[in-house]
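Participant: There's a structure below that I have some questions on.
The values are calculated or read from the model by the stated rules, or taken from the named source; none is laboratory data. No experiment lies behind these values; they were computed from the predicted model shown. Neighbour counts run over all protein chains shown; Cβ positions are idealised from the backbone, glycine included. Note: accessible area is taken over every heavy atom of the protein model, side chains too, but ligands, DNA and RNA are not part of it. Shrake-Rupley method; radii C 1.70, N 1.55, O 1.52, S 1.80 Å.
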Amino acid sequence: MRDAPATWALERTVVHTRRGPVVVHHRPGADPVLLLHGVAGSWTTWTPLLAAAGGVGERGLVLVDLPGWGSSPAPSGRFTVDDGIRVLVEVLDALAVGPVDVVGHSMGAFVGLHLAVVAPDRVRSLGLVSGTTTATVRASAHPWRALASLPAFTLLRAGLLVTGRSARGILRGVARVGLLPLVAAPVFAHVRRLDPSVLHAFVEEFRPERFTAAARDAAGHDVDRWRSVACPVSAVLGRGDVFARVTDLDDLRRLVPGARTAVLDDCGHFAHVEHPEAVAAFLGLVPAPG
């Protein structure tokens with residue numbers, strides 16, 4: 001994933017929020033899109049999608065490194081999804097950005113759903129990409145039961161609880177000896193087809209402590225609150241996703257009637273990286289021909 005903000009005329013800004021500084025890459029424009037990354041990501045995770053969508057044309061863009069990820073320092077003390085929402089509202093206010101079309105990957109989809117619940121006036125539409133939703137909430141609350149339904153998530157969480165802060169160093173060591181494709185294989189449908197920069201970003205942007213904290217926060221989340229989401233919702237995930245399940249889409253349609261859903265074959269947990277053109281088209285991000 002190439003760090004090339006100039007490609008899409010993005011300006012880097014540091015917004016000072018009540019939970020600390022937050023790094024944002026943004027571009028003014030009509031009908032702005034807010035892009036929210038997942039637990040192994042930063043704003044750069046969206047570069048394949050932006051390339052496939054022609055930079056979403058002339059629309060505004062807001063790409064946030066959530067607190068503790070990317071270039072944004074970790075906040076002190078506990079940081080919940082509600083804290084994340086308050087930070088996002090502060091960022092949008094600081095940039096004088098009104099309602100946005102939110103697109104979130106993995107944890108970012110979870111955050112986007114909560115933003116649509118607690119600040120509905122800020123969300124014009126919601127796009128969920130490989131969203132960690134109902135299956136992840138159940139797995140976080142009942143990890144041993146989830147060994148059968150969501151084993152990769154459960155085992156990763158258990159492993160991180162054991163290794164703690166050393167997990168990132170272990171991952172870097174695995175990368176140095178050339179075994180990273182083997183470790184990352186469950187996450188991607190065809191890991192050896194990926195640009196090497198994708199795997200490099202996977203190592204550098206993964207935050208074990210933040211993953212553990214996010215899972216702990218998800219365990220107590222009431223998904224029934226998603227029934228109040230009133231904006232249009234579109235959700236897409238890969239059939240081979242090890243952190244989400246196709247049944248999540250069934251749950252979403254029950255909770256948010258009218259939600260559009262799609263399943264991509266030959267695709268893992270990073271649908272926007274493995275199939276960026278299909279995801280951009282499904283979410284309506286591809287600019288109409290001039």
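Participant: Collect the residues in the range 27-43 that are over 10 Å from the mean Cα position of the chain (by Cα) and crowded, with 24+ Cβ neighbours inside 10 Å, keeping them in residue-number order.
Facilitator: Scanning the range 27-43 gives Val33, Leu34.
For (1) more than 20 Å from Asp101 (Cα to Cα); (2) not in a strand (DSSP E or B), each residue gets a yes or a no:
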{"position": "Leu237", "(1), (2)": "no, no"}
{"position": "Val242", "(1), (2)": "yes, yes"}
{"position": "Asp248", "(1), (2)": "yes, yes"}
{"position": "Gly258", "(1), (2)": "no, yes"}
{"position": "His272", "(1), (2)": "no, yes"}
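Participant: Being modelled with pLDDT of 70 or more, closer than 22 Å to Arg239 by Cβ and either part of a loop (DSSP other than H, G, I, E, B) or not polar (S, T, N, Q) (or both) narrows it down to one residue among Ala116, Ala148, Ala152, Ala135; which is it?
Facilitator: Ala135
Participant: Checking the condition modelled with pLDDT of 70 or more, open to solvent by less than 20 Å² (accessible area, probe 1.4 Å) and among the hydrophobic types (A, V, I, L, M, F, W, C), which residue from Val223, Val236, Val203 passes?
Facilitator: Val236
Participant: Follow-up question, since we're still on this one. Output the qualifying pairs, or none if there are none: Cβ atoms under 7 angstrom, residues six or more apart or on different chains, first residue in the range 4-21 and closer than 30 Å to Gly77 by Cα, second residue open to solvent by less than 90 Å² (accessible area, probe 1.4 Å) and in a loop (DSSP other than H, G, I, E, B).
Facilitator: Arg19/Pro67; Arg19/Pro75; Arg19/Phe79; Gly20/Pro67; Gly20/Pro73; Gly20/Pro75; Pro21/Ser72; Pro21/Pro73
Participant: Within the range 73-107, how many residues are touching a Gly at 6+ places or on another chain (Cβ under 7 Å) and modelled with pLDDT under 95?
Facilitator: Qualifying residue count, the range 73-107: 6.
Participant: Then there is this: Here is a check on your reading of the model: is Phe243 closer than 15 Å to Val137 by Cβ, open to solvent by 20 Å² or more (accessible area, probe 1.4 Å) and of a type in the set (A, V, I, L, M, F, W, C)?
Facilitator: Yes: the conditions hold for Phe243.
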